[in-house]
Amino acid sequence: MTGSYPTTPAQKSGEVDSAYLHPYACFHCRKSFKRANRFEAVLPCPECGGPSIGLTRKFKPPKRADTDQWKKVEALVRAGFLFWSVDEPYPDALQEVAAFAERHADFIARERARAPEAYVQIEAALSRFR
Ligand SMILES: [Zn+2]
């Protein structure tokens, strides 16, 4: 996985390989949905029509009732973490997110520089939940 965000969709119909499914998380529904590819940083949630955020396959959605864990995931995404691997496990609790984000500020700066349009879309989507 390169993690790149192609600007031109190249998806061919009928050639969806489940190995390339990626989760999209909706923080309104607290649900995630698998989609064929990450051509879009943000896609409409099939449940509520609101924005859902494309994450890497390392993302494991919390249980819907586990609002604390969903808040943590949302805080991570707001901090710019789309569940790319970093050199330590992702934090277990919301209170750990700020320090985690600080430790990986350089990584996030590189991610933002690499995919600025994606982060613009993600931030616009998240601003609807504020
Ligand atoms: Zn939704």
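Brief remarks follow.
- Which listed residue is over 14 Å from LEU55 (Cβ atoms) and out of contact with any Asp or Glu (no Cβ under 8 Å at 6 or more places or on another chain), from ALA75, ALA98: ALA98
- The C-beta contact set for region 84-106 (first residue under 14 Å from TRP70 (Cα atoms), second residue of a type in the set (A, V, I, L, M) and outside any loop (DSSP other than H, G, I, E, B), distance under 6 angstrom, 6+ apart or interchain) comprises PRO91/VAL97; LEU94/ALA75; VAL97/ALA75; VAL97/LEU76.
- In region 79-116, the residues that are closer than 24 Å to PHE39 by Cβ, touching a helix residue (DSSP H, G or I) at 6+ places or on another chain (Cβ under 6 Å) and open to solvent by 40 Å² or more (accessible area, probe 1.4 Å): ARG112
- For region 23-37, taking the residues that are more than 19 Å from ARG78 (Cβ to Cβ) and open to solvent by less than 50 Å² (accessible area, probe 1.4 Å), the one that is modelled with the lowest pLDDT is identified as ALA36.
- Residue that is nearest to the chain's Cα centre (by Cα) [pool: residues in region 45-61 that are surrounded by fewer than 17 Cβ atoms within 10 Å (Cβ to Cβ) and away from the ligand (no atom under 15 Å from the Cβ)]: THR56
The values are calculated or read from the model by the stated rules, or taken from the named source; none is laboratory data. Quick caveat: nothing in here was measured; it's all calculated off a predicted structure. All Cβ positions, glycine included, derive from the backbone under ideal geometry; neighbour counts span all protein chains shown. Protein only, heavy atoms only, side chains kept; ligands, DNA and RNA dropped before computing areas. Shrake-Rupley method; radii C 1.70, N 1.55, O 1.52, S 1.80 Å.
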